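The values are calculated or read from the model by the stated rules, or taken from the named source; none is laboratory data. Nothing here was measured: the structure is a model prediction, and the numbers come from that model. Cβ placement follows ideal geometry from the backbone for every residue including glycine, while neighbour counts extend to all protein chains displayed. In case anyone asks, the SASA skips ligands and DNA or RNA and just uses the protein heavy atoms, side chains included. Shrake-Rupley method; radii C 1.70, N 1.55, O 1.52, S 1.80 Å.
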Amino acid sequence: MKILFYDTKEYDREYFEKHLPEYPGIEIEFTKAELQVRTAALAKDCDAVCTFVNADMNSDVVRSLAAEGIRLILLRCAGFNQVDLDAAKECGITVMRVPGYSPEAVAEHAMALVLTACRRIHKAYNRVRENDFSLPGLTGVNLYQKTAGIIGTGKIGAAMARICHGFGMNVIAFDMYPNRELDFVSYVPLDELLAQSDLISLHCPLTEATHHMINLETIEKMKDGVILVNTSRGGLIKTDDLIEGNRRHKFFAIGLDVYEEEKNYVYEDYSSAILSHSTTARLLSFPNVVITSHQGFFTQEALTAICRTTLENAECFANGEMNGNVVTQ
Ligand code: NAI
């Protein structure tokens, strides 16, 4: 089993090279190239390709891979909305992912964004570095005894619910499939969650139904002074409406690990460039907004789990076995 590993970052190489000897029979070739139609040919002579969450695997890309003889796409991430699954199925390519590698990593990052944004740590950090020890503008809010509304209580949402519960918050949630293990959570309709929550944290996948679920209409239904956090997918929030809502002083704090414009910039260093987009810049101009670059998953534990599961997926496929991580059926 020979895998071409696209868009390799130094941490990918470090973790995969460390664990590869545990999987004899698997060979990896690393490239920094992103997977696109014109780079699909690099996978010639390989059985599989391995890609991350930001690779746009539209039908043209999938067909180009099939033309090179690729039989397996290994996603080293949980989400799979970036792959045209119909095209993969048509081409006889199996797609496997890494579900739930460390829900706590993402949930802990969601809470880190909540605390950073709502206690203005991002501003305080810079102030103290400039020997400015003043406090005006840094007033926060307590979370204790406030209401946390979790949208989507799968693996990550459940971990976030437990963290909020640990902070002494009242936890409510919206999900079509209530998680029975969360006996401290009250499930409510979405409108009720929007109206009652002091903190809203998004943990549902991006689908046609959830695209732009946070828009001016739903923002209007929220409490004034609400804290909103998104560590799920940028498309859940209509960014222009979020900006408008913040201009109307709806939000006390906003924390985003994902946002609509991230696709062209995520995981790259553009610190010396003049960026052509403006939405993220407009968001960053607000003092109550904190943005990180899709790093919710980025812990040592999660990287180890991603690496092991990806290699196990490859091994299963090579042995003609299928596990629960196949997303093309
Ligand atoms: P999961 O599949 O365990 O849970 C998703 C939950 O959302 C399920 O309970 C499902 O019933 C619910 N859901 C689906 N449609 C919904 C709707 N319209 N309204 C309310 N709930 C709905 O997924 P998991 O592992 O918890 O991941 C959640 C999301 O987190 C992923 O879809 C992915 O987009 C994102 N993610 C972000 C990462 C980061 O680094 N920031 C890393 C990993 C995942």
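A few comments on the model shown:
- Rounded FRET efficiency, nearest 0.05, which uses the C-beta distance separating Glu321 from Thr279 and R0 of 30 Å: 0.10
- Normalised per residue, the accessible area of the range 229-329 is 47 Å², obtained with a 1.4 Å probe and no contribution from ligands, DNA or RNA.
- Taking 7 Å steps out from each Cα toward its Cβ at Asp86 and Ser134 produces label points 5.9 nm apart.
- The lysines within cross-link reach of Lys44, meaning a Cα-to-Cα straight distance under 23 Å and a gap of 8 or more places when in the same chain, are Lys2, Lys9, Lys32, Lys89.
- Full extension of the chain between Asp240 and Asp60 yields a length gain of 61.8 nm, computed as 0.36 nm times the residue separation minus the alpha carbon distance.
- Exposed loop sites are taken as chymotrypsin sites (Phe, Trp or Tyr not before Pro) in a DSSP loop (any state but H, G, I, E or B) with at most 12 other beta carbon atoms within 10 Å; the longest stretch of the chain without one runs 1-132.
- By a 1.4 Å probe calculation restricted to protein chains, His165 has an accessible surface near 90 Å², given to the nearest 10.
- Nitroxide proxy distance, nm - points 7 Å out along Cα→Cβ at Glu10 and Val266: 2.2 nm
- For the range 18-64, accessible area per residue (1.4 Å probe, heavy atoms of protein chains only), Å²: 52 Å²
- Loop-resident GluC sites (Glu not before Pro) (DSSP state other than H, G, I, E or B) in the range 85-169 with no more than 11 further Cβ atoms inside 10 Å of their Cβ: Glu130.
- Zero-based 5 Å bins, Cα pair distances in the range 221-329, whole percents: 2, 9, 17, 17, 14, 11, 10, 9, 7, 4, 1, 0
- Per residue, the solvent-accessible area of the range 75-213 (1.4 Å probe, heavy atoms of protein chains only, all protein chains present) comes to 50 Å².
- Bridging of Lys223 to lysines at a Cα separation below 22 Å is possible for Lys146, Lys238, Lys250, once same-chain residues fewer than 8 apart are set aside.
- Calculated translational diffusion coefficient of the chain (25 °C, 0.890 mPa s; Stokes-Einstein with Kirkwood radius over alpha-carbon pairs) equals 116 µm²/s.
- Average Cα contact separation per residue, the chain, under 8 Å, 6 or more apart, as relative contact order %: 18 percent
- Percent carbon-and-sulfur accessible area, the chain, ignoring ligands, DNA and RNA, probe 1.4 Å: 49 percent
- With a cut-off of 14 Å between beta carbons, the residues surrounding Thr280 carry a summed charge of -4, where Lys and Arg count +1 and Asp and Glu -1.
- If you plug the beta carbon distance of Arg180 and Asp224 into 1/(1 + (r/R0)^6) with R0 = 35 Å, you get a FRET efficiency near 0.55.
- Helices that extend 15 Å or more along their long axis by alpha-carbon positions and average at least 0.0 on the Kyte-Doolittle scale are, among the DSSP H runs of the chain, 103-118, 155-166, 300-318.
- Extents of the range 11-107, taken as max minus min of Cα coordinates on every principal axis and listed largest first, are 35, 30, 22 Å.
- Potential lengthening between Gln300 and Lys146 on full extension [0.36 nm per residue; Cα-Cα distance subtracted]: 52.3 nm
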